[in-house]
Structures are given as structure tokens and as C-alpha cells.
1. Please list 19-30, 136-147, 160-171, 45-56 highest first by mean number of surrounding beta-carbon atoms within 10 Å per residue.
2. Arranged from highest to lowest average of other beta-carbon atoms within 10 Å per residue, in what order do the peptides 122-132, 184-194 appear?
3. Considering the values [x] 53, 45, 31; [y] 111, 35, 28; [z] 64, 43, 39, which represents Cα extents along the principal axes in Å as calculated for the structure under consideration?
4. Taking R0 as 30 Å, what FRET efficiency do you get between I167 and R114 from their Cβ-Cβ distance, rounded to the nearest 0.05?
5. Please list 3J(HN,Hα) in residue order for region 39-56, calculated via the Karplus relation 6.51 cos²θ - 1.76 cosθ + 1.60 where θ = phi - 60°; whole Hz, with x for glycine and proline.
6. Does anyone have the angle between helix 116-131 and the longest principal axis of the chain? Alpha-carbon axes, 0 to 90°, nearest 10?
7. Using a Förster radius of 30 Å, what is the FRET efficiency between L90 and R27 based on their Cβ-Cβ separation? Nearest 0.05, please.
8. Between V105 and L6, what's the calculated FRET efficiency when r is the beta-carbon distance and R0 is 41 Å? Round to 0.05.
Amino acid sequence: MTERWLRTNEHEEATSALEAVAEWSERVERDIGYWRWVVLALHNTVQGFMVLALRGSDGLRPLRDDIAAKWLTAYREGGAYPVEKLDSFLNLYKKAQSDTMLFFVHSKKVIPSRTLGRSMKKLNSLRNDFVHFLPKSWSLEVSGLPEICLDCLALVEFLAWECGNIIWHNEEHRERGQAAIALAKNYLKSLERIYATRDA
């Protein structure tokens with residue numbers, strides 16, 4: 001019987017986005033147009049894992065700071081709760097590098113590599129260009145995209161399995177995530193080698 005309900009949660013969203021990165025990275029070599037889907041899926045993946053790593057027990061850290069403050073006021077003093085709004089991608093990244101991440105005794109915050117900040121800004125910019133595409137002709141030089149994607153996947157790997165903040169309630173999600181990130185990294189490293197050979 002065909003399922004009539006699409007059921008999801010924050011773990012499923014992050015994991016399925018990571019699986020899409022792996023699937024579409026594999027297709028790029030045959031069809032360069034799939035880079036747009038890699039970018040969109042990777043942005044969703046990184047955002048999803050930042051949200052999981054920041055959520056804690058109250059779920060307020062991933063929200064915009066003003067919304068979180070209004071929520072706490074409503075909780076303490078009564079009144080209407082605000083509409084919850086997720087913080088922006090780059091603000092979530094700032095929070096992931098801050099003491100905001102340190103809410104368990106074993107928590108670790110993100111210590112960015114030399115190139116991660118640039119890669120995150122580029123990923124966000126490209127995602128916005130694709131999502132809000134204006135009528136135009138556009139040529140995107142792709143040889144640097146594998147490096148940007150691998151940088152961002154290193155962040156995902158840290159958030160998912162090293163920062164200590166994500167509790168995998170469902171073993172299937174953890175296993176799917178580990179399998180997907182291994183595949184995605186392999187495909188992207190292969191593309192990096194192919195582009196380097198072509199540029200040589």
C-alpha cells in the first residue's frame with residue numbers, strides 16, 4: 001500500500017539532505033548541471049547539522065536571537081509565543097564557533113580551518129544565486145567546487161560525530177549519514193582529481 005504521509009524530523013532532514021549530496025555528486029561527472037543540486041543539497045545538509053548541534057534540550061539556540069528572547073519572555077511571563085524563525089545560515093555558523101555550543105560537559109565548538117569560512121560564504125552565496133535565480137545567462141567555473149564542498153563536509157563530519165552535541169536517537173539515521181558522507185567525499189575527491197588533470 002502506498003504511504004500517504006511524508007513523516008520527517010530534524011534528524012531525517014539532515015540525513016536525507018546528506019544522501020542527496022552523495023547521489024548528486026556521483027552524477028556530476030556525467031552531467032555538469034548537477035552541480036546546482038549538489039550546492040542546494042549541501043547547503044541544506046550543513047544547515048541541518050548546525051541546527052542539530054545547536055538545538056540542545058530547549059531547541060532555542062538555532063532560532064534568531066530576538067525570537068528566542070521573545071519565546072523565553074512568553075514562557076516566563078505568559079503571553080503569546082512568537083512565530084519560530086530559524087537563524088540565518090551564516091549566523092548559525094557563527095554560533096557553531098562560539099561558546100553557545102558548549103552546553104554539555106563534553107561539547108566542543110567548531111574551530112574552523114583556514115579555508116572553511118570562505119567556503120561557507122561561497123556555498124551560501126551560490127545557494128542564494130540558484131534559489132533566487134534572476135533572468136540572466138550565467139557561467140560558473142566549477143573546478144573549485146569540490147574543495148568548497150569537501151571543506152563544508154568536514155564541518156558536517158565534526159558536527160555529526162565529534163562535537164558531542166548530536167544525540168542519534170535512531171541508529172539508522174547515524175548509519176545512513178556515515179555511509180552518505182563517505183560516498184560524497186569519494187565522489188568529490190574524484191571530481192577534484194579530474195579537474196586538476198584537465199587544468200594541468
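Computed from the coordinates by the stated procedures, all read-outs in this text should not be read as laboratory data. The shown structure was predicted, so the numbers you read here are calculated from the model rather than taken from an experiment. Quick reminder, even Gly has a Cβ in these numbers, built from the backbone with ideal geometry, and neighbours come from all protein chains shown.
1. 45-56, 19-30, 160-171, 136-147
2. Final packing ranking: 184-194, 122-132.
3. [z]
4. Efficiency, from the Cβ-Cβ distance: 0.45.
5. Result, ordered by residue: 4, 5, 5, 5, 4, 4, 4, 4, 4, x, 6, 5, 4, 4, 6, 9, 5, x Hz.
6. 80
7. The calculated FRET efficiency here is 0.60.
8. The computed FRET efficiency comes out at 0.65.
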